1. Give the residues of the range 399-422 that are within 21 Å of residue 354 (Cβ to Cβ), open to solvent by 20 Å² or more (accessible area, probe 1.4 Å) and at pLDDT 85 or above, sorted by residue number.
2. Go through the range 359-372 and give me each residue that's open to solvent by 10 Å² or more (accessible area, probe 1.4 Å) and aliphatic (A, V, I, L, M).
3. Residue by residue through the range 388-411, note down the ones that are touching a Ser or Thr at 6+ places or on another chain (Cβ under 9 Å) and either assigned to a loop (DSSP other than H, G, I, E, B) or farther than 19 Å from residue 319 by Cα (or both).
4. Just to be sure before I move on: is residue 112 more than 48 Å from the chain's Cα centre (by Cα) and modelled with pLDDT under 90 in the structure I sent?
5. Being within 24 Å of residue 438 (Cα to Cα) and among the charged types (D, E, K, R), is that true of even one residue in the range 330-343?
6. Tell me which residues, restricted to the range 173-190, are over 16 Å from residue 227 (Cα atoms) and either open to solvent by 80 Å² or more (accessible area, probe 1.4 Å) or of a type in the set (Gly, Ala, Ser) (or both).
Amino acid sequence: MPILGSGAVGTPAEGLLAAIFNSCEDAIVSKRLDGTITSWNPAAERLFGYSAEDIVGRSIRMLIPDDRQHEEDLIIERIMAGERVMPFHTIRLRKDGSEVEVTVTVSPVRDSDGRIVGASKFARELGELDLARKALAESESRFAMLADNISQLAWIADADGSIFWYNRRWFDFTGTMLDEMKGWGWKSVHHPDHLGRVVDKYSRAIASGEPWEDIFPLRRHDGVYRWFLSRARPITGAGGKIEYWFGTNTDITEQREQSDAIEVLLREVNHRSKNMLTLIMALARRSAPGNEEFLKRFTRRIQALAANQDLLVKRAWGSVSVADLVEAQLAFAIDLAGTALSHEGPVVNIGARAAETLGLALHELATNALKYGALSQEGSAGKVTVRWDMADGRFRFSWTESGGPPVTPPEREGFGSAVIRDIPAASLGADVTLDYPPEGLRWTLDAPLEAVQAG
């Protein structure tokens, strides 16, 4: 293979080829199969810094960094197989040792008998457009790697909710193809009993632009339905207009099954404990015959405990909001007192122990208010106000009575006082006050927040 552009040429065709070779803006290099460079055009000199006289006859590998020498091995392997190496991005070395990012294309060179005797390379430095394309390709590659390896099924929809992309997890799970799923094709893998509700809720979210969330079963490739928690959020453009929706479906089948099993167990425990409370009440009746007042109060306290258990079971024995606890424990008093009994406070979730302790105290206070205090006289101006808040790491709760008959401290304290004052103080490490000013009883509890909140 002659060194084109380094001497005289013969035929007009050779002259044209030489002109193209010398005027091309891309570096053109030819080499033998052993890597020896046989031609080198002016663009190659500008790109790599070597003149033709400097480099012709030397190995092409001197332009390749050590950590990329394997690229040349693969190129020669493909060239010898008669293949063309399509454009790819790589790094090569200039004469001064600096690196340059280039796009390289390699084609086999044959002799007059058709035998492959070498290769020709076209190399071009990456410009701004090439670098942008490379960055985009790398970004798309990273996104595909992330999207296809997350545990969720993921998808992207147009602004109108029409889905045009799914990750690999979706196709692995459903056993479908993109052509089947495009647009609203996903409806075919939804359980028919839930499809109408799902479509309606999804359509309303798309129309309103609000984030979407739902739970429903999807059919797996083997026909088995599994439950998914699905969410989608709108993706807006520079003008704030929704351009896309990005959604995920998370398999929650095991969590649902575990939750169902726990709920069954909690209800069974609740049932058995209620049976035990019933037995305790029966024993109390047998042990204190004729003491109807004691039996009434004792029974109500047991019922208050049972009401707390029902509320805690509904919350999986985890946490209960103070508002729900107040309403559950004071339901009987609210029925009788109506608006004369009010409550207010921020959203605070408390644990099971605090709920039981506070619930018993509330029941006792309400019973006393109906019997002796502000709610005891029908048609009077008596009121009870229940308030709670949290600040500075403390939880504060108060019960304030007003407008009822004049209050005097009791001559003796019984078990009721222990339920209201002593038990909360010991159980929650709280400061508890029980005052009897003439205008109305006042009970306050001030406890460390960590002692009452759910963990």
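1. The answer is 400, 421, 422.
2. Passing the criteria: 360, 370.
3. Residues satisfying the conditions are 398, 399, 400, 401, 402, 403, 404, 405, 410.
4. yes
5. no
6. 175, 177, 179, 180, 182, 183, 184, 185
Per-residue answers, yes or no, for (1) modelled with pLDDT of 90 or more; (2) small (Gly, Ala, Ser); (3) under 22 Å from residue 152 (Cβ atoms):
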{"residue": "217", "(1), (2), (3)": "yes, no, yes"}
{"residue": "225", "(1), (2), (3)": "yes, no, yes"}
{"residue": "229", "(1), (2), (3)": "yes, no, yes"}
{"residue": "247", "(1), (2), (3)": "yes, yes, yes"}
{"residue": "258", "(1), (2), (3)": "no, no, yes"}
{"residue": "267", "(1), (2), (3)": "no, no, no"}
{"residue": "277", "(1), (2), (3)": "no, no, no"}
{"residue": "288", "(1), (2), (3)": "no, yes, no"}
{"residue": "293", "(1), (2), (3)": "no, no, no"}
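Rundown of residues vs (1) touching a Pro at 6+ places or on another chain (Cβ under 9 Å); (2) surrounded by fewer than 18 Cβ atoms within 10 Å (Cβ to Cβ); (3) of a type in the set (Phe, Trp, Tyr), yes/no style:
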{"residue": "152", "(1), (2), (3)": "no, no, no"}
{"residue": "201", "(1), (2), (3)": "no, yes, no"}
{"residue": "213", "(1), (2), (3)": "no, yes, no"}
{"residue": "216", "(1), (2), (3)": "no, no, yes"}
{"residue": "233", "(1), (2), (3)": "yes, yes, no"}
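The values are calculated or read from the model by the stated rules, or taken from the named source; none is laboratory data. Computed from a predicted model, the values in this text were never measured in an experiment. Virtual Cβ from ideal backbone geometry, glycine too; neighbours counted across all protein chains shown. Heavy atoms of the whole protein, side chains included, go into the accessibility calculation; ligands, DNA and RNA do not. Shrake-Rupley method; radii C 1.70, N 1.55, O 1.52, S 1.80 Å.
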